[in-house]
Amino acid sequence: MAEESEGDTCSHTFPNGDVYKGAVENDLPHGYGKYEWSDGSFYEGEWSEGVKHGYGKYRWASGSSYDGQWQEGCMHGIGTYTGSDESEYHGSFVKDKKSGYGKKKYPNGDIYEGLWKNDLAENLGIYQWLNGDKFNGEWQQGKMHGRGTFVWHTGERYDGDWKMGLENGPGLFIWADGSAFYGFWEEGKKHGSGVWWRELEEGGRGATPRPGKSPQDSAGGSQGGPGQADKLTVALSENKVIGREYIKGKLIKEHWIDRDKVRLPSLRATREPAKKTKKYSKKVQGETIVKGHRSYDLMLNLQLGIRYSIGKVNEEQPKPLVDQDFDKNINRQVFFPHNGSEDTPPHSSTDFYWKTYCPRVFGDLRKRLGCDPGQYVYALCGDHALRELSSPGKSGSVFYISHDDQYLCKSLRKSELGHLSNILPQYHKHVCDHQNTILPKFFGLHRITNPQKAQRVRFVVMANVFCRDIQIHRMYDLKGSVVGRSTPGKAQDGAILKDLDLDCTFKLERKWHNIFFEQLERDCKFLEAANIMDYSLLLGVHFQDEEDKEEESCEDPGASSAGAAQDANSDGDQAPAGTAGLQTIEEDEDSKSFLDNLNKLNRVTSTKERRTSEIFNAQTRTRRSDTMRPITADGLEQLSEAMGVAMPTRELGVSMPATVIYNDGEREPRDAVLFFAIIDILQDYNARKQLENVSKSVVYKRNEISAVSPKNYSRRFQDFMAKCFV
């Protein structure tokens, strides 16, 4: 044994050949030092009382290495592990195991990015196979488990439920040729009732549904595939679909079904961008935030923070909310240094502090409002950048919108954040009690602090009123006041019009007219009790005849039907061999049972607390009768069926059929679909607004200005809506 020392450092060679060079204290490595084992392994970094603690690099004799944070001798915190097999993981560790957020590249080139627990994918994550296959959704113990979307590189796609790596529960499978199967799965095989159909095509040949892709485990690797297809020798009619019944993947019965007897999910929103066959394009709003954009760092901070907050909420055990959860002082603040920390990943932005207010309350709101956590994180924090919208009002707020248009992030003044925090208990109760509310849907309340610029930016995340894959041809912001309520240059494309610009009324179906005004009264009472005024109804109008023009002008004359037929698959599916093999659904006991099973499928899908919105985005087409009343069936359930929407019930303010009646009496009424909600509900009737009321009343009539008491504002707002919606 040899030992040399200089001050508090030493060089020590042990009898077995190990060597330590570095700082010591009480004859133990303490501070910075390097330990080399006789087998060729070494650790160089920080020590504390003889154990690895702090930042350091460990290299094994096998060639594997870890460069990152240590705690009490374990890999703990943020670090990078590189395997001898050329795999690489960068992210969070807890006691030598991958836990928290991280990204791993496997030896075969596959990549997983998301949350981990005990070395396995857990909760939310995205797995990308080298061949182009991709899964985005929920995980448990390294298996696809929960809600998720699997997209094959060949164009097939499955949206639905998973259980330990296999399709299990309600789901939608779509082929690249546009054919689809909507039904139940059990342990990776179709089991129960389902519907096969193809959109936008007649005749031809196509694939039969088979989600044959076997999910991999967390070690990477792609297995199986979407399966081969059978021949379809019958020509499908636009108004017919094929009902099928399976037992453990084996087809036992099939029927012709009238298309209007079943509710089918829209396929348009579920297709990959490269595969879309949509005949017209929705105009994209906003400016994409790319590197070098003035808001790039702020966007990165927002995305990092949201991903962190959702992960923390999902790690907690569910339990009922208590009064303390609504306290705005109950928040999570965490520091995000650019080089990462024990709880946060490294990033390319500047250091910042992230604060989430009332996280459990907003987590409960997301759940109650049908916001899927995986889709939420992917939309806001996934591969796509956010877009920045120009502020439509006088507040000067910054608006960011997710790539799929579902979510808006709006900057708030400190007073607005305080007011939302104050009314949060009442807002939560109101949303829980009234599922038809048209108040804004709030999903998160956050603050970003930049210590270098001494800057604080507060954000609320909420649902976008116009999030559907449908073009909005006209937008209105309606308050019921007169002063300043017109839009200069109103002919400009995309301009938001105001009260004095409205030249028509909107005729709703009678039942929905009653539901709307009953809910409007409840929502206005809530706002009045919360001392809120200056809100408005944001209304979007989609004209059906405009869509027809767009489709005619943009239709691709060279579009072809489905591809060539393929061999039978290994799942036991048999495509219909001809019309003789199909039964038309009649009113017999067998067909009633089949349709009951399909209704069960819709109910199960609808009542799940988490919905993948990509499956259920609705495309609606309405037509007027001679009385100009939208043609719909009686009752909410029948209305939903008539609209072809796979939703639990028609959501008030979303895809509402209406007839536009012009005030001049000269123009013909027009078919339309409406989207609307109350917005800007964070302005209380404070001293500034009261002073505005007094000053403007000198020049204008008191009932013509926006700044009036909450009681008067509520009454005037409802009266004006009664004139707009008939």
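With respect to (1) under 26 Å from V313 (Cβ atoms); (2) buried (at least 20 other Cβ atoms within 10 Å of the Cβ); (3) out of contact with any strand residue (DSSP E or B) (no Cβ under 6 Å at 6 or more places or on another chain), the lone exception for G79 is condition (3).
Yes or no, residue by residue, for (1) at pLDDT below 85; (2) more than 24 Å from G114 (Cβ to Cβ); (3) among the small types (G, A, S):
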{"residue": "N314", "(1), (2), (3)": "yes, no, no"}
{"residue": "P318", "(1), (2), (3)": "yes, no, no"}
{"residue": "Q324", "(1), (2), (3)": "no, yes, no"}
{"residue": "N329", "(1), (2), (3)": "yes, yes, no"}
{"residue": "F335", "(1), (2), (3)": "no, no, no"}
{"residue": "E342", "(1), (2), (3)": "yes, no, no"}
{"residue": "F352", "(1), (2), (3)": "no, no, no"}
{"residue": "D364", "(1), (2), (3)": "no, no, no"}
{"residue": "K367", "(1), (2), (3)": "no, no, no"}
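Quick grid of which residues meet (1) in contact (Cβ under 8 Å) with a residue 60 or more places away in the chain; (2) in contact with a Lys or Arg (Cβ under 8 Å, 6 or more places away or on another chain):
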residue	(1), (2)
E666	no, no
Q683	yes, yes
V694	no, no
V708	yes, yes
Q718	yes, no
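So in the range 31-81, with the set limited to residues that are without any contact (Cβ under 8 Å) to a residue 60 or more places away in the chain and β-branched (V, I, T), which one is nearest to K103 (Cα to Cα)? Selected residue: T80.
Of everything in the range 505-517 that's in contact (Cβ under 8 Å) with a residue 24 or more places away in the chain and surrounded by fewer than 19 Cβ atoms within 10 Å (Cβ to Cβ), which residue is farthest from H434 (Cα to Cα)? Among those residues, the one meeting the criterion is T505. Residues that are of a type in the set (D, E), under 29 Å from H338 (Cβ atoms) and either at pLDDT 95 or above or not assigned by TED's automatic domain parsing to the domain that holds S309 (or both) do not occur anywhere in the range 136-149. Residues of the range 318-374 that are among the charged types (D, E, K, R), assigned to a strand (DSSP E or B) and surrounded by fewer than 16 Cβ atoms within 10 Å (Cβ to Cβ): none at all.
Within the range 487-502, how many residues are among the charged types (D, E, K, R) and either within 15 Å of I472 (Cβ to Cβ) or at pLDDT below 70 (or both)? Give the derivation first.
Let us first name the residues in the range 487-502 that are among the charged types (D, E, K, R), namely 490, 493, 498-499, 501.
With either within 15 Å of I472 (Cβ to Cβ) or at pLDDT below 70 (or both) added as a condition, the list becomes 490, 493.
Residues that pass the stated criteria total 2.
Those strands (runs of 3 or more DSSP E) of the range 21-69 that lie entirely within it include none in which at least 2 residues are within 49 Å of the chain's Cα centre (by Cα), polar (S, T, N, Q) and under 22 Å from G340 (Cβ atoms).
Quickly run through the range 660-710 and pick out the residues that are of a type in the set (D, E, K, R) and in a strand (DSSP E or B). Give the derivation first.
Filtering the range 660-710 down to residues of a type in the set (D, E, K, R) leaves 664, 666-668, 670-671, 680, 684, 688-689, 692, 696, 701-702, 704.
Result: R670, D671, D684.
Being surrounded by 14 or more Cβ atoms within 10 Å (Cβ to Cβ) and either without any contact (Cβ under 8 Å) to a residue 12 or more places away in the chain or under 20 Å from L380 (Cα atoms) (or both): is that true of Q285 here? Even if it seems obvious, please write down each step before you answer.
Working: surrounded by 14 or more Cβ atoms within 10 Å (Cβ to Cβ): yes; either without any contact (Cβ under 8 Å) to a residue 12 or more places away in the chain or under 20 Å from L380 (Cα atoms) (or both): yes.
The answer is yes for Q285.
Run down S349, S295, S341 and say which single residue is in contact with a Gly (Cβ under 9 Å, 6 or more places away or on another chain) and of a type in the set (G, A, S). The match here is S341. Show me the strands (runs of 3 or more DSSP E) entirely contained within the range 82-123 in which 1 or more residues are farther than 20 Å from P346 by Cα and touching a residue at least 24 places away in the same chain (Cβ under 8 Å). So the answer is none; nothing clears 1.
Based on this model, can you work out whether L439 counts as buried (at least 19 other Cβ atoms within 10 Å of the Cβ) and free of Cβ contacts under 8 Å to residues at least 60 places away in the same chain? It is false that L439 is buried (at least 19 other Cβ atoms within 10 Å of the Cβ) and free of Cβ contacts under 8 Å to residues at least 60 places away in the same chain.
Do we have any residue at all in the range 680-703 that's buried (at least 18 other Cβ atoms within 10 Å of the Cβ), in contact with a strand residue (DSSP E or B) (Cβ under 8 Å, 6 or more places away or on another chain) and more than 15 Å from E528 (Cα to Cα)? So far as the range 680-703 goes, no, none of its residues is buried (at least 18 other Cβ atoms within 10 Å of the Cβ), in contact with a strand residue (DSSP E or B) (Cβ under 8 Å, 6 or more places away or on another chain) and more than 15 Å from E528 (Cα to Cα). As a summary of the residue check, F466 satisfies the conditions (1) in contact with a Ser or Thr (Cβ under 8 Å, 6 or more places away or on another chain); (2) within 30 Å of I705 (Cβ to Cβ); (3) among the aromatic types (F, W, Y) except for the one numbered (1).
The values are calculated or read from the model by the stated rules, or taken from the named source; none is laboratory data. Model, not experiment: these values are computed from the prediction. All Cβ positions, glycine included, derive from the backbone under ideal geometry; neighbour counts span all protein chains shown.
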